[in-house]
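In what follows, a structure is listed as structure tokens, so that the remarks can point back to it.
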Amino acid sequence: MQDNCGRTIRYLRLSVTDLCNYRCRYCMPEAGVEKRAHRDILSVEECVEIGRAAVNCGVKKIRLTGGEPLVRRGILDICRGLSAIEGLEELCMTTNGSLLPQLAAVLKEAGVSRLNVSLDTLYPDRFSSITRRGCLADVLAGLEAAERAGFTHLKCNMVLIGGLNDDEIGDFVALTEHHPWEIRFIELMPMGQCADWEQHCFLPAEEVLRRVPALRPCESSGTAARYRVPGWRGTVGLIEPMSHRFCSRCDRIRVTADGKLKPCLHSDAELSLRGLHGAELENAIRRGIAQKPEQHHLTDGGSDTSRNMNEIGG
């Protein structure tokens, strides 16, 4: 399944909710979002049907996102249904980790193969400030629970924000000395809640290499440029949507919790999949892929989408 630029599309990011138990400053309004009626959000059956249609079109990897996917009622049924699809090679999830102490083991049993855990600071007070309500100890306990449940190749996503958490770059890299994790530094993007933030907040991820010169390049992974300190167990990934466009290698599409296919995170193009079935649904997915733009315009004036990240799927 190729788009009009010759990119092979193998990866679906499927949002199962726009709700979250956190209110991270760069992602959600402080008051949260208005809760939608159940009929306005993809049902368990629709999530699985869209996943199956995408796999029939060539998708090999599905990542469940939100909001926070673990607050979604029926999330385990969604995982079981998707993991049973013939031809799907990976079922992953991005989570804030706060509910993993209770759910890591059952997620593994339900067929989830990999986890990305969002973690923007290692200081409890700062964590509470960034998330507006979260507890760092819950996330750290969640990482431990994930390891006990048998999840390997854990990834921790740290959104790099100048003047807020960039003083912790060295501390995050140090986690890779004893943990076989990938610490991923993600450039802050001017969209949604942080579209009008001051320029100093938007640090290039290459700042990590400047501050930790011991890092050496290693094999790449998807959109991440990867590094490691020789002899340490884990790796460091740099996600650089701003300073180094990876659009030419992008192999993903997104489906929002309300059933809209977005061919690009930053495009305003959306195609509704609700009410479609079988060949009609697969053809709609193909049409959406044909609308995938060659690249985003973040550095030319910001994102073209009017949605917040929690509404798209982080």
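The values are calculated or read from the model by the stated rules, or taken from the named source; none is laboratory data. Note that the coordinates shown come from a computational prediction; the quantities given were computed from them, not determined experimentally. In this analysis, Cβ positions are derived from the backbone assuming ideal geometry, glycine residues included, and neighbour counts consider all displayed protein chains. Just the protein is used for accessible areas: all its heavy atoms, side chains included, with ligands, DNA and RNA removed. Shrake-Rupley method; radii C 1.70, N 1.55, O 1.52, S 1.80 Å.
Per residue, how much accessible area does region 39-177 show when a 1.4 Å probe rolls over the protein heavy atoms, in square angstrom?
I get 39 Å² per residue for this part.
How high is the relative contact order of the chain? Use alpha-carbon pairs under 8 Å, at least six apart in sequence, and give a whole percent.
Details: 671 pairs, mean separation 69.4, N = 314.
Relative contact order of the chain: 22 percent.
What part of the accessible area of the chain, given as a whole %, is carbon or sulfur when the probe is 1.4 angstrom?
Values: 6350 of 13550 Å².
Carbon and sulfur: 47 percent of the exposed surface of the chain.
How big is the chain by Rg and Dmax over its Cα atoms, in Å?
18.5, 53
What distance in nm lies between label points placed 7 Å from Cα along the C-beta direction at GLU280 and ALA31?
Taking the simple label geometry, GLU280 and ALA31 are separated by 3.8 nm.
So if each residue of separation counts as 0.36 nm, and I subtract the Cα-Cα distance between ARG210 and ARG133, what length gain in nm does that give? Walk me through the numbers before you get to the answer.
Numbers: separation 77, 0.36 × 77 = 27.72 nm, distance 3.25 nm.
Between ARG210 and ARG133, full extension yields 24.5 nm more.
How big is the charge dipole of the chain about its Cα centre, in debye rounded to the nearest 20, if each Lys and Arg gets +1 on its Cβ and each Asp and Glu gets -1 on its Cβ? Could you put the intermediate results ahead of the total?
On the way: 40 positive and 42 negative charges, 126 e Å.
For the chain, the charge dipole is close to 600 debye.
Which part of region 128-145 falls in the paramagnetic zone of ASP171, meaning amide N under 19 Å from the point 7 Å along Cα-to-beta-carbon?
128-144
Order TYR123, TYR11, TYR26 by their accessible area, 1.4 angstrom probe, all chains in place, largest first.
TYR123, TYR26, TYR11
Could you pull out the longest piece of the chain with no exposed loop GluC sites (Glu not before Pro) in it, calling a site exposed if DSSP puts it outside H, G, I, E, B and it has at most 10 other Cβ atoms within 10 Å?
The segment 87-197 is the longest one with no such site.
What residue among LEU19, LEU103, LEU143 shows peak mean-square fluctuation when the chain is described by a Gaussian network model with Cα springs under 10 Å?
Highest fluctuation among the options: LEU103.
Using a 1.4 angstrom probe and counting only protein chains, how large is the accessible area of TRP197 in Å², to 10?
Rounded to the nearest 10, the figure is 80 Å².
At a Förster radius of 35 Å, what calculated FRET efficiency corresponds to the Cβ-Cβ distance of GLU45 and GLU90, to the nearest 0.05? Can you show the working numbers first?
Details: r = 22 Å, r/R0 = 0.62.
With a Förster radius of 35 Å, E is 0.95.
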